[in-house]
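The values are calculated or read from the model by the stated rules, or taken from the named source; none is laboratory data. Treat the numbers as computed from the prediction; the structure is a model and nothing was measured. Cβ placement follows ideal geometry from the backbone for every residue including glycine, while neighbour counts extend to all protein chains displayed. When the accessible area is computed, the model is the full protein with side chains, heavy atoms only, and any ligands, DNA or RNA have been set aside. Shrake-Rupley method; radii C 1.70, N 1.55, O 1.52, S 1.80 Å.
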Amino acid sequence: DRLELYDQPADFAQKIRTGDGRPFAALQRPDLAMQPALTMIPRALAERTVVPATHYGLTENTTSFDIHATAPGVVVLTETFWPGDFRADIDGHKVPVLRLNHAFKGVFIDSPGDYRVTFRYVPKNFPRNLMLSGLGAVLLVGSLAIAMRRPRAA
């Protein structure tokens with residue numbers, strides 16, 4: 001229910017070194033423009049409430065869990081953030097994936113309540129790469145068919 005801001009990675013590292021040992025969420029100041037609603041989250045980390053997730057579900061491409069939010073805030077998943085390659089939804093509604101704590105992904109929760117959060121790995125170039133692989137397979141089969149045909153008798 002709290003969000004710290006920092007300017008440079010060194011500032012974030014300093015917050016870790018001087019912190020109280022409890023988990024916290026931090027956002028690099030330029031990333032705030034991605035989700036202006038994050039400005040409504042208080043900054044006083046000493047008063048933060050940390051709620052662990054429950055009922056994790058892991059598959060090859062998804063991580064899902066339940067969260068009970070006591071107030072508006074952010075959910076931090078300590079899996080590596082990779083821009084454009086993850087989709088997130090809360091209770092089936094698509095939401096933006098945020099880069100939190102400089103290397104991890106998270107989402108914004110706008111009100112208290114119980115939520116099901118799902119992060120899905122969908123590489124941004126997957127459709128293009130799948131199409132190119134299919135084209136390569138067709139060209140390979142075509143090349144083999146041409147190479148294997150019997151020469152015509154003269």
- Considering only protein heavy atoms, what per residue accessible area in square angstrom results for segment 1-95 with a 1.4 angstrom probe? 60 Å²
- By how many nm would the segment from D20 to H55 lengthen if fully extended, with 0.36 nm per residue of separation less the alpha-carbon distance? 9.9 nm
- Query: trypsin sites (Lys or Arg not before Pro), restricted to segment 1-78: which are DSSP loop and have at most 13 other Cβ atoms within 10 Å?
  - Reply: R43
- For the chain, what is the calculated [θ] at 222 nm in deg cm²/dmol (nearest 500), taking -39500 (n - 2.57) for each run of four or more DSSP H residues and dividing by its residue count? -7000 deg cm²/dmol
- Task: With a ≥ b ≥ c taken as the square roots of the eigenvalues of the C-alpha gyration tensor of segment 24-74, please select rounded if a/c is under 1.5 and otherwise prolate if a/b is larger than b/c or oblate if it is not?
- Result: oblate
- Item | Amide H partners (placed H, <5 Å) of F86, local residues excluded | V122
- Message: What is the percent carbon and sulfur in the accessible area of the chain, measuring with a 1.4 Å probe over the protein chains and ignoring ligands?
- Response: 61 percent
- Query: Just the accessible area for I146, please: 1.4 Å probe, Å², rounded to the nearest 10?
  - Reply: 110 Å²
